[in-house]
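Colleague: Sharing a structure below in structure tokens format, with a few things to ask.
The values are calculated or read from the model by the stated rules, or taken from the named source; none is laboratory data. Predicted model only: the values in this text are computed from it and were never measured. Neighbour counts run over all protein chains shown; Cβ positions are idealised from the backbone, glycine included.
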Amino acid sequence: MEEQLNTHLSQLQIWKRIFLMLLFAVVITMVRWLAWAVILLQLFFVLVSGEKNVHILSFGRGLAVYDYHLLSFLVFGTEILPFPFSPWAMSAELKSPDEN
């Protein structure tokens with residue numbers, strides 16, 4: 001068991017994944033704060049004009065999909081690296097590992 005653990009800990013790929021997970025954990029925190037800003041901004045527009053702002057709505061949807069891609073990577077649901085290591089639109093095309 002200990003030998004197997006040492007083998008896994010010596011693999012560069014594992015350490016690279018750990019580093020990327022820490023990086024994306026910070027990014028997802030910032031994305032969630034930005035999502036709250038979008039929520040409040042959209043609420044302001046609805047209160048003032050009575051209608052949703054389509055540009056904020058589009059940005060919010062893209063942000064939600066990106067958040068899904070980040071979370072999916074963090075929980076090992078995908079090996080596809082989130083933006084900026086893949087195109088922004090790649091997040092919308094993600095499938096779970098069992099769907100492949």
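Colleague: Report, by residue number, each residue of segment 59-82 that is more than 20 Å from ILE39 (Cα to Cα) and either aromatic (Phe, Trp, Tyr) or in contact with a Pro (Cβ under 8 Å, 6 or more places away or on another chain) (or both).
Modeller: PHE73, PHE76, GLY77, THR78
Colleague: TRP15 versus (1) at pLDDT below 90; (2) in contact with a Gly (Cβ under 6 Å, 6 or more places away or on another chain): which is the lone unmet condition?
Modeller: (2)
Okay, residues lined up against (1) surrounded by 10 or more Cβ atoms within 10 Å (Cβ to Cβ); (2) among the small types (Gly, Ala, Ser); (3) touching a residue at least 12 places away in the same chain (Cβ under 8 Å); (4) assigned to a helix (DSSP H, G or I):
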| residue | (1), (2), (3), (4) |
| --- | --- |
| MET21 | yes, no, yes, yes |
| ALA25 | yes, yes, yes, yes |
| VAL31 | yes, no, yes, yes |
| LEU41 | yes, no, yes, yes |
| GLU51 | no, no, no, no |
| ILE56 | yes, no, yes, yes |
| GLY60 | yes, yes, yes, yes |
| GLY77 | yes, yes, yes, no |
